[in-house]
Amino acid sequence: MTTLTLKSGRDESLLRRHPWVFSGALRREDMDVGAAGETVDIAASDGRRLARGACSPASQIRVRTWTFALDEEIGPAFFADRLKRAIATRAAMNLIAPQFACRLVNAESDGLPGLIVDHYAGFLVCQFLFAGVERCKNEIVEQLQAAFPAAGIFERSETEARSREGLQPATGVLAGREPPALIEIREGDVRILADIRKGHKTGFYLDQRVNRAMLPEFCAGADVLNAFAYTGGFGLWALKGGAKSVVNVDTSAEALSLAQRNADLNGFPAAAAENVAHDAFQVLRRFREAKRQFDVVVLDPPKFAASAAQVMWASRGYKDINMLAFQLLKPGGFLFTFSCSGRIPPPLFQKIVADAALDAKRPASILRFLGQSPDHPVLLSFPEGHYLKGLICRVD
Ligand code: SAH
C-alpha cells in the first residue's frame with residue numbers, strides 16, 4: 001500500500017481523529033503521490049502509521065480518512081459495517097418508515113467521507129462527492145442494496161465539490177427501479193412531493209425537518225412570510241399550525257409551482273398561500289415600503305459563504321435580510337432565521353442577527369437555538385460537519 005508521510009509536527013489533527021489531511025501537511029516528496037481514489041496509509045514523520053484513507057490528488061484536502069484501525073481493509077466488509085451502523089442510528093431514532101424521508105448516511109460524520117445517502121419513501125438517493133467514494137461506487141451500491149431494501153437507488157452526483165475534484169457530474173439509476181417524477185413523503189402529518197431526480201440537493205432539505213416541525217406552535221391565526229421557501233416546507237407546517245396566510249418567496253418559479261401543488265395536496269385553501277417568484281431581498285424591501293407586516297417570518301437562505309474569502313460579503317447579506325425581516329414583524333412577532341454556511345460559526349451568526357435587530361431598532365430575544373436534524377449528525381472530531389444553525393427570536 002502507498003504510504004504518504006506527514007511533515008514533522010503535523011500529526012496532531014489525525015491524532016485527534018480529524019478525518020482530513022491537507023496537502024500542505026504532507027512531506028514535499030509525497031505531494032504528488034497517490035492516484036484519484038486510491039487507498040493510502042498516512043504516517044507521522046517518524047514513520048508511525050496513523051490512518052488509512054482515500055487520496056484526492058486534485059484537492060487541497062488530499063486524503064480523507066476511512067479508518068484509524070490500520071488492519072482494516074477498505075472493501076465490502078468495511079462498507080457493510082459502516083452502512084449498517086449508519087442505518088441503525090436512524091432506526092434507533094425511529095426515522096425509517098415507508099412513507100418518510102431521512103438521511104441515512106452523512107458522509108464524514110458516519111465514517112464514509114464523501115457519501116450521502118438519503119431515503120425517500122422506499123427510494124434511496126446517493127451523492128458520491130469525492131474520488132474515494134467514486135472509485136468504490138459499485139461496492140458501496142452492492143452493500144447498500146444488502147443493507148436497505150429499496151425499490152431503487154438513484155444517483156445525484158452533480159455537486160460543485162465533485163467538479164473541484166475533477167470528477168464529471170453523474171445522475172441516474174444505480175440499481176432497481178427508476179423513481180417516479182415526484183415522490184410523496186411525509187413529515188408528521190404534512191404531505192410533501194419531492195423531486196429527487198431534479199430538485200435541489202437530493203430532492204428536499206431534510207436537514208430542516210426538526211425545525212419545520214417547530215413552526216406550528218407559533219402560527220395559530222398568523223400571517224407568515226416564508227422567504228427562501230423552495231417547495232414550501234416551512235409554509236406547509238405553518239398552515240398545519242393554523243396560519244391565516246403564508247407568503248412563500250423564492251427565485252425558483254419551478255420550486256414554487258411544486259409549493260403550490262404541495263399546498264393543494266394537503267387540502268389547504270388556494271387563497272391561503274401566495275407564491276412570489278422573485279429575489280427575496282427585493283420582495284422584503286417592497287413589503288417594507290408597502291408597510292406590510294407579519295406575525296412570523298422564516299428566513300432560510302442558501303449558503304452565502306462558500307469560502308473563507310466570502311465570509312465578509314456573506315455576513316452583510318445575512319445582516320441585510322435579517323434587518324428587513326425584523327422591520328416586517330409585528331410587535332410580539334417571531335423570526336425563524338437560519339444560516340447553512342459552515343464558514344459562519346454560530347456565535348458570528350448570532351452577532352449578525354443581533355446587529356440586524358439593532359439596525360432595525362427592534363429589541364428582540366432568542367427563544368431557541370436550532371441546528372440540523374439528528375439524521376445529519378456531527379462527528380465530535382469533525383466540527384466542520386455542523387453547518388446549519390438557526391435562532392427563533394421574538395421581537396418586542
Ligand atoms: N426553506 C426551504 C429550503 C430553502 S433552500 C425548505 O425548508 O425546504 C434556499 C432556497 O433559496 C432555494 O430554494 C433557492 O432557490 C432560494 N434562493 C436563492 N437565492 C434566492 C434569492 N435571492 N431570493 C429568493 N430565493 C432565493
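The values are calculated or read from the model by the stated rules, or taken from the named source; none is laboratory data. These numbers come from a predicted model, not from an experiment. Using ideal geometry, Cβ is built from the backbone for each residue, glycine included, and neighbour counts are taken over all protein chains shown. Heavy atoms of the whole protein, side chains included, go into the accessibility calculation; ligands, DNA and RNA do not. Shrake-Rupley method; radii C 1.70, N 1.55, O 1.52, S 1.80 Å.
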- Residues of segment 246-277 being away from the ligand (no atom under 12 Å from the Cβ) and polar (S, T, N, Q), in sequence order, are Ser257, Gln260, Asn266
- Message: Taking the conditions exactly as written (surrounded by fewer than 20 Cβ atoms within 10 Å (Cβ to Cβ) and touching a residue at least 24 places away in the same chain (Cβ under 8 Å)), does Gly114 satisfy them or not?
- Response: no
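Give Pro374, Pro331 a once-over and let me know the one that is outside any strand (DSSP E or B) and farther than 22 Å from Phe304 by Cα.
Values: Pro331 fails: outside any strand (DSSP E or B).
Matching residue, one of Pro374, Pro331: Pro374.
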- Message: If I ask for residues that are buried (at least 16 other Cβ atoms within 10 Å of the Cβ) and either touching a strand residue (DSSP E or B) at 6+ places or on another chain (Cβ under 8 Å) or free of Cβ contacts under 8 Å to residues at least 12 places away in the same chain (or both), which ones from segment 355-377 would you list?
- Response: Ala357, Arg362, Ala364, Leu370, Gly371, Ser373, Asp375, His376, Pro377
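Among the candidates Arg16, Arg10, which residue alone is out of contact with any helix residue (DSSP H, G or I) (no Cβ under 6 Å at 6 or more places or on another chain), open to solvent by 10 Å² or more (accessible area, probe 1.4 Å) and either touching a residue at least 40 places away in the same chain (Cβ under 8 Å) or not acidic (Asp, Glu) (or both)?
On the way: Arg10 fails: out of contact with any helix residue (DSSP H, G or I) (no Cβ under 6 Å at 6 or more places or on another chain).
Testing whether each residue is out of contact with any helix residue (DSSP H, G or I) (no Cβ under 6 Å at 6 or more places or on another chain), open to solvent by 10 Å² or more (accessible area, probe 1.4 Å) and either touching a residue at least 40 places away in the same chain (Cβ under 8 Å) or not acidic (Asp, Glu) (or both) leaves just Arg16.
Based on what the data block shows, is Ala309 more than 24 Å from the chain's Cα centre (by Cα) and away from the ligand (no atom under 14 Å from the Cβ)? Spell out the reasoning first.
Numbers: more than 24 Å from the chain's Cα centre (by Cα): no; away from the ligand (no atom under 14 Å from the Cβ): yes.
No: the conditions fail for Ala309.
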- Query: Across segment 210-220, what is the number of residues that are in contact (Cβ under 8 Å) with a residue 24 or more places away in the chain and either surrounded by fewer than 24 Cβ atoms within 10 Å (Cβ to Cβ) or away from the ligand (no atom under 12 Å from the Cβ) (or both)?
  - Reply: 7
- Item | Selection from segment 170-183 of residues that are in contact (Cβ under 8 Å) with a residue 40 or more places away in the chain and under 20 Å from the mean Cα position of the chain (by Cα) | Ala170, Ile183
- Is it the case that some residue within segment 209-216 is in contact with a strand residue (DSSP E or B) (Cβ under 7 Å, 6 or more places away or on another chain), more than 26 Å from Tyr318 (Cβ to Cβ) and among the aliphatic types (A, V, I, L, M)? no
- For Leu239, indicate whether it is within 12 Å of the ligand (Cβ to nearest atom), open to solvent by less than 60 Å² (accessible area, probe 1.4 Å), closer than 25 Å to Ile196 by Cβ and not small (Gly, Ala, Ser). no
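Among the residues of segment 78-95, count how many are more than 18 Å from Gln143 (Cα to Cα) and among the aliphatic types (A, V, I, L, M).
Narrowing segment 78-95 to residues more than 18 Å from Gln143 (Cα to Cα): 92-95.
Filter once more, keeping what is among the aliphatic types (A, V, I, L, M): 92-93, 95.
The total comes to 3.
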- Picked from segment 200-209 (must be on the phi < 0 side of the Ramachandran plot and not charged (D, E, K, R)), the residue farthest from the ligand (Cβ to nearest atom) is Thr202
- Answer from Gly122, Gly166 - the residue that is under 30 Å from Pro57 (Cβ atoms) and out of contact with any Asp or Glu (no Cβ under 9 Å at 6 or more places or on another chain): Gly166
- Task: Examine segment 323-346 for a residue that is within 11 Å of the ligand (Cβ to nearest atom), open to solvent by 30 Å² or more (accessible area, probe 1.4 Å), out of contact with any Asp or Glu (no Cβ under 6 Å at 6 or more places or on another chain) and free of Cβ contacts under 8 Å to residues at least 40 places away in the same chain, and state whether such a residue exists.
- Result: no
- If you take the residues of segment 278-305 that are more than 9 Å from the ligand (Cβ to nearest atom) and β-branched (Val, Ile, Thr), which of them is surrounded by the most Cβ atoms within 10 Å (Cβ to Cβ)? Val297
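Please find, within segment 44-63, the residue that is farthest from Val378 (Cα to Cα) out of those that are among the small types (Gly, Ala, Ser) and surrounded by 20 or more Cβ atoms within 10 Å (Cβ to Cβ). Before the answer, list the steps.
Within segment 44-63, the subset among the small types (Gly, Ala, Ser) is 44-45, 47, 51, 53-54, 56, 58-59.
When the remaining residues are screened for being surrounded by 20 or more Cβ atoms within 10 Å (Cβ to Cβ), the result is 51, 53-54, 56.
On the way: Ala51: 20, Gly53: 19, Ala54: 20, Ser56: 22 Å.
Across segment 44-63, the extreme among qualifying residues is Ser56.
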